[in-house]
Amino acid sequence: MLGNSSLPQELVSALGSENQDFAVKAGRAEPLKKSLSLIAFGMVWLAFTSVFVIAFLGPLFLGNEVHFETNGVPTVASRDNLGPIMIPALVIGIFITIGIGMLSGGIYKTLKKGGYFIGTPLRLIQYRKGNLRSIDWEQFSGDIEVSGDEQKGNIALRLRSGKMVSQKNGPDRYVPDIIYISDIPNAFEVEQSCRKRIKENDPTPTN
């Protein structure tokens, strides 16, 4: 746990006279596993797309013709006649852009630092690169995931807020917003503190 001397002055000022339950510095913005999954999916996407790049554009780079069918009509494209292949090339380019975006996003998330987190009896404070966010404990649902060990662990705190996500082969699904406190020491101790405060500030009436 961090003391006030290890915290940015802006964060100490925002905290004021509030008592601290914990203060930690997250090594990452999200768990490494989540970022690596996005990188892996981006690489698979690009590998799949490269098959079409080789099939449609490879011969052109070698100076050869490309033979394919458009609406059942045999079509030939070459360096001197690129018109017939422009639309397939545009579609392939879009897929490549999506793959590069996923890969870049995964790498960015891997390198992105998580900032500071302070828990008080009434709220969770997040501070990163001069931006401060304060979330009252009553905004959390109490659904918490924790992983890792005492040296390094990850916490996922689900909020009551979220959004509906449409699915192609099923009904719309509600996805809650999540606050990640990743790559921190004493993760299980911090999780117990968060769970205690969420329960104390639960706005739903008890039976």
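Summary of values
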item: Summed residue charge, Cβ within 13 Å of L15's Cβ, Lys/Arg positive, Asp/Glu negative; result: -2
item: Mean Kyte hydropathy of 1.0 or more with a Cα span along the axis of at least 18 Å, helices from DSSP in the chain; result: 32-52, 86-111
item: Segment 87-178, accessible surface, carbon-and-sulfur percent (1.4 angstrom probe); result: 57 percent
item: Leading residue at positive end of dipole, the chain (Cβ point charges), from V51, Y127, L32; result: Y127
item: Dipole magnitude of segment 7-54, debye to nearest 20 (Cβ charges: Lys/Arg +1, Asp/Glu -1, about Cα centre); result: 320 debye
item: Size of charge dipole - the chain - debye, nearest 20, with Cβ of Lys, Arg +1 and Asp, Glu -1, no other charges; result: 200 debye
item: Cβ-based charge dipole, the chain, positive-most Cα from V76, G142, G16; result: G16
item: Hz values of 3J(HN,Hα) by residue in segment 125-137 - Karplus curve (6.51, -1.76, 1.60), Gly and Pro given as x; result: 10, 10, 9, 8, 6, x, 9, 10, 10, 10, 10, 5, 4
item: Mean Cα-pair separation over length for the chain, i.e. relative contact order, pairs under 8 Å, 6 or more apart, %; result: 24 percent
item: Relative contact order (%) - criterion: Cα under 8 Å, at least six apart; region: segment 70-156; result: 11 percent
item: D (Stokes-Einstein, µm²/s), Kirkwood Cα radius, segment 98-207, 0.692 mPa s at 37 °C; result: 208 µm²/s
item: Whole-number accessible area per residue in Å² for the chain, which is evaluated in the context of all protein chains at 1.4 Å; result: 62 Å²
item: Vicinal HN-Hα couplings computed from phi for segment 158-174 (Karplus, 6.51 cos²θ - 1.76 cosθ + 1.60; Hz; Gly/Pro x); result: 8, 8, 6, 7, x, 8, 8, 10, 6, 10, 5, 10, x, x, 4, 10, 7
item: Size of charge dipole - segment 101-207 - debye, nearest 20, with Cβ of Lys, Arg +1 and Asp, Glu -1, no other charges; result: 480 debye
item: Long-range amide H partners of T120 with built H, under 5 Å; result: D21, I125
item: Under 5 Å, built H, 5+ apart or other chain: amide partners of G142; result: R158
item: Relative frequency of Cα-Cα separations exceeding 23 Å in segment 31-125, percent; result: 49 percent
item: Pairs of Cα atoms farther than 23 Å apart, the chain, %; result: 61 percent
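The values are calculated or read from the model by the stated rules, or taken from the named source; none is laboratory data. For clarity, every value in this text was computed on a predicted model and none was experimentally measured. As a convention, Cβ positions derive from the backbone with ideal geometry for all residues, glycine included, and neighbour counts pool all protein chains shown. The accessibility values were calculated without ligands, DNA or RNA, using every heavy atom of the protein model including side chains. Shrake-Rupley method; radii C 1.70, N 1.55, O 1.52, S 1.80 Å.
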